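K.L.:
Here it is, the structure in full.
The values are calculated or read from the model by the stated rules, or taken from the named source; none is laboratory data. Keep in mind that this is a model prediction, so the values were computed, not measured. Here the Cβ is made from the backbone with ideal geometry for all residues, glycine too, and neighbour counts use every protein chain on show.
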Amino acid sequence: MHIIRAKYNLRIDTMLQWIRLPLLKFALAVRVLAGIVCLLLAPSAPAQDSFILSLAAAIDQSSLTPRERLGLRLFFDSSLSEPAGVACASCHDPRRAFTGNNSTLIGVALGSRSDQFGTRDAPTLMYLATAPRFGSIEKDGKRVLAGGHFWDGRADTLEEQASQPFFNPVEMNNASVPALIAKIEKAAYAAAFRQAWGETIFNNPEAALDAVAASIAAFERTRVFQPFTSKFDYVMRGQAKFTQQEQRGLTLFTLPQKGNCAHCHSVDAASGNPQKSLFTDFSFRALGLPRSSRIPKNSDAAFVDLGLCERVPVSGARLPVTTAKPPVTDPATCGFFKTPTLRNITLTAPYMHNGFFDNLRDAVAFYATRDTQPARWFPEGKKFDDLPAHYHANVDVDTQPYQRRPRQRPQLSIEEIDDIVEFLYTLTDGYQP
């Protein structure tokens with residue numbers, strides 16, 4: 001327990017070491033934080049070049065192809081938002097396993113404009129290249145929806161995923177494809193862009209956008225994003241051993257009658273190949289999470305993020321991205337969101353699609369006690385308060401450990417929750433045997 005608490009304290013210190021601002025001045029804090037991020041990522045062209053080159057050196061630039069190096073430059077270029085100041089890396093910071101929410105403390109990201117916030121936590125880009133296209137998989141004897149990118153699976157490919165944030169009004173806010181490409185044409189790496197994609201690439205903005213997306217996707221497919229260097233990976237390769245508590249945690253993680261986490265966060269502990277343990281089956285689940293009062297959009301009681309049933313495929317949407325509420329396509333999938341990987345989970349707080357949990361232990365405890373102690377998570381114990389009542393039937397209440405009822409003993413004890421959390425620390429990349 002002392003070790004776990006020390007790790008929690010270290011995690012909190014890491015998150016807050018340069019953003020200790022009075023909560024009573026929250027609005028000011030958000031603006032200050034956004035300014036700090038902009039300074040870190042791109043205070044000036046020479047400084048930005050230095051930052052990018054140092055990062056490239058750290059990831060072995062010599063191993064990158066010209067298009068991968070170009071993708072790296074695009075990924076860290078904060079001049080590509082409107083107004084300037086937000087890069088892909090602002091919400092997907094490599095220091096936080098490519099998450100970050102533009103350094104807000106509310107569970108969702110601040111956009112390029114100081115009054116614009118998203119409605120979902122920015123997921124990690126680590127191991128994103130392993131996700132299949134949106135479709136279905138066999139699960140428990142039936143076909144269930146799975147795959148794609150974003151929390152609702154609306155993008156089939158990394159290329160589709162990479163292009164959309166540039167035009168989302170609450171993200172990078174570019175008004176049009178030509179407006180974005182004009183910025184890239186003026187960038188310090190424009191010559192490298194032409195060399196990689198042809199001298200006339202900027203003559204056709206749509207083709208140039210495809211090249212932008214392909215370059216970023218190429219960078220995201222490098223080993224930077226899927227290194228498989230966690231302690232778990234070393235153990236699977238026979239190069240390290242779990243502690244007793246870590247081993248107990250893995251056992252509890254996989255046992256159906258205990259944590260049953262592996263039911264969705266798939267792991268093949270019998271294989272010596274870590275790539276068979278992605279800690280997600282890419283399926284969609286309705287967990288019935290508590291409503292987050294920290295999300296600005298949620299101040300409107302009529303607003304509800306329904307997830308999968310409002311999915312509009314990127315390939316079927318026109319850019320720039322519209323903010324209009326899409327129609328419900330399949331009511332049976334309302335409240336469903338994609339199962340994320342748990343790799344690097346100790347670095348990627350907050351947790352869940354709405355960023356409700358700041359603490360990893362709370363997130364694990366929620367699974368075990370959502371139905372046995374609802375008052376712990378929901379106002380007055382009224383469950384699933386972030387979904388309209390007519391969609392409550394979509395929430396999973398049958399899969400273990402959800403099958404228990406109020407006042408029954410949770411399927412996991414306090415000590416067992418601690419053991420699972422300890423195991424989750426072995427999924428952080430960068431382990432040194």
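K.L.:
Kindly indicate whether GLU415 is outside any loop (DSSP other than H, G, I, E, B), more than 24 Å from the chain's Cα centre (by Cα) and on the phi > 0 side of the Ramachandran plot.
P.N.:
Values: outside any loop (DSSP other than H, G, I, E, B): yes; more than 24 Å from the chain's Cα centre (by Cα): yes; on the phi > 0 side of the Ramachandran plot: no.
Here the answer is no, as GLU415 does not meet what is asked.
K.L.:
Give the range 391-401 a look and list any residue that's touching a residue at least 12 places away in the same chain (Cβ under 8 Å) and not in a loop (DSSP other than H, G, I, E, B), or say none.
P.N.:
So in the range 391-401, the residues touching a residue at least 12 places away in the same chain (Cβ under 8 Å) come out as 391-392, 394-397, 399-401.
Passing the criteria: TYR391, HIS392, ASN394.
K.L.:
Residues of the range 297-326 being in contact with a strand residue (DSSP E or B) (Cβ under 8 Å, 6 or more places away or on another chain) and buried (at least 17 other Cβ atoms within 10 Å of the Cβ), which ones?
P.N.:
Across the range 297-326, the qualifying residues are GLY307, LEU308, CYS309, VAL314.
K.L.:
It is to be established whether one or more residues within the range 328-340 are within 13 Å of the chain's Cα centre (by Cα), of a type in the set (Ser, Thr, Tyr), part of a loop (DSSP other than H, G, I, E, B) and crowded, with 22+ Cβ neighbours inside 10 Å.
P.N.:
So in the range 328-340, the residues within 13 Å of the chain's Cα centre (by Cα) come out as 337-340.
With the extra rule that they be of a type in the set (Ser, Thr, Tyr), the set shrinks to 339.
Add one more test, that the residue is part of a loop (DSSP other than H, G, I, E, B), and what stays is 339.
After this cut, where a residue has to be crowded, with 22+ Cβ neighbours inside 10 Å as well, the list is none.
Scanning the range 328-340, I find no residue that is within 13 Å of the chain's Cα centre (by Cα), of a type in the set (Ser, Thr, Tyr), part of a loop (DSSP other than H, G, I, E, B) and crowded, with 22+ Cβ neighbours inside 10 Å, so the answer is no.
K.L.:
Checking SER292 against (1) over 23 Å from the mean Cα position of the chain (by Cα); (2) buried (at least 22 other Cβ atoms within 10 Å of the Cβ); (3) of a type in the set (Ser, Thr, Tyr), which test does it fail?
P.N.:
Unmet condition: (1).
K.L.:
Among the residues of the range 268-289, how many are farther than 15 Å from HIS353 by Cα and either surrounded by 22 or more Cβ atoms within 10 Å (Cβ to Cβ) or of a type in the set (Ser, Thr, Tyr) (or both)? Lay out the reasoning, then the answer.
P.N.:
As a first pass, look at the range 268-289 and keep what is farther than 15 Å from HIS353 by Cα: 268-279, 281.
Filter again for either surrounded by 22 or more Cβ atoms within 10 Å (Cβ to Cβ) or of a type in the set (Ser, Thr, Tyr) (or both), leaving 271, 277, 279.
Counting residues in the range 268-289 that are farther than 15 Å from HIS353 by Cα and either surrounded by 22 or more Cβ atoms within 10 Å (Cβ to Cβ) or of a type in the set (Ser, Thr, Tyr) (or both) gives 3.
K.L.:
I'd like the full set of residues that are in contact (Cβ under 8 Å) with a residue 12 or more places away in the chain and either in contact with a Gly (Cβ under 9 Å, 6 or more places away or on another chain) or assigned to a helix (DSSP H, G or I) (or both), limited to the range 263-284. Outline the logic, then answer.
P.N.:
Taking the range 263-284 as the starting set, the residues that turn out to be in contact (Cβ under 8 Å) with a residue 12 or more places away in the chain are 263-267, 269, 271-275, 277-284.
Residues satisfying the conditions are HIS263, GLY272, PRO274, GLN275, PHE282, SER283, PHE284.
K.L.:
Let me ask another. How many residues are small (Gly, Ala, Ser) and out of contact with any helix residue (DSSP H, G or I) (no Cβ under 8 Å at 6 or more places or on another chain) if we restrict to the range 119-160? Give the derivation first.
P.N.:
Kept after step one, since they are small (Gly, Ala, Ser), are these residues of the range 119-160: 122, 129, 131, 135-136, 141, 146-148, 153, 155.
Still in the list and also out of contact with any helix residue (DSSP H, G or I) (no Cβ under 8 Å at 6 or more places or on another chain): 131, 135-136, 141, 146-148.
The qualifying residues number 7.
K.L.:
Can you confirm whether ASP305 is of a type in the set (Asp, Glu) and without any contact (Cβ under 8 Å) to a residue 24 or more places away in the chain? Working first, answer last.
P.N.:
Working: of a type in the set (Asp, Glu): yes; without any contact (Cβ under 8 Å) to a residue 24 or more places away in the chain: no.
No: the conditions fail for ASP305.
K.L.:
Quick one: in the range 301-359, which of the residues that are closer than 20 Å to ASN168 by Cβ and basic (Lys, Arg) is modelled with the highest pLDDT?
P.N.:
Going through the qualifying residues, I end up with LYS338.
K.L.:
Within the range 146-168, restricting attention to residues that are surrounded by fewer than 21 Cβ atoms within 10 Å (Cβ to Cβ) and farther than 14 Å from ASP210 by Cα, which residue is nearest to the chain's Cα centre (by Cα)?
P.N.:
The extreme case among them is PHE150.
K.L.:
Just checking, does the range 378-388 include any residue being assigned to a helix (DSSP H, G or I), farther than 24 Å from ALA262 by Cα and among the basic types (Lys, Arg)? Walk me through it before giving the result.
P.N.:
First, the residues of the range 378-388 that are assigned to a helix (DSSP H, G or I): 379-381.
Narrowing the set further to residues that are farther than 24 Å from ALA262 by Cα leaves 379-381.
If we keep only those that are among the basic types (Lys, Arg) too, we end up with none.
No, that holds for no residue.
K.L.:
Conditions first: (1) among the charged types (D, E, K, R); (2) part of a helix (DSSP H, G or I); (3) surrounded by 15 or more Cβ atoms within 10 Å (Cβ to Cβ). GLU171 passes all but one, so which condition is the exception?
P.N.:
So the condition that GLU171 fails would be (2).
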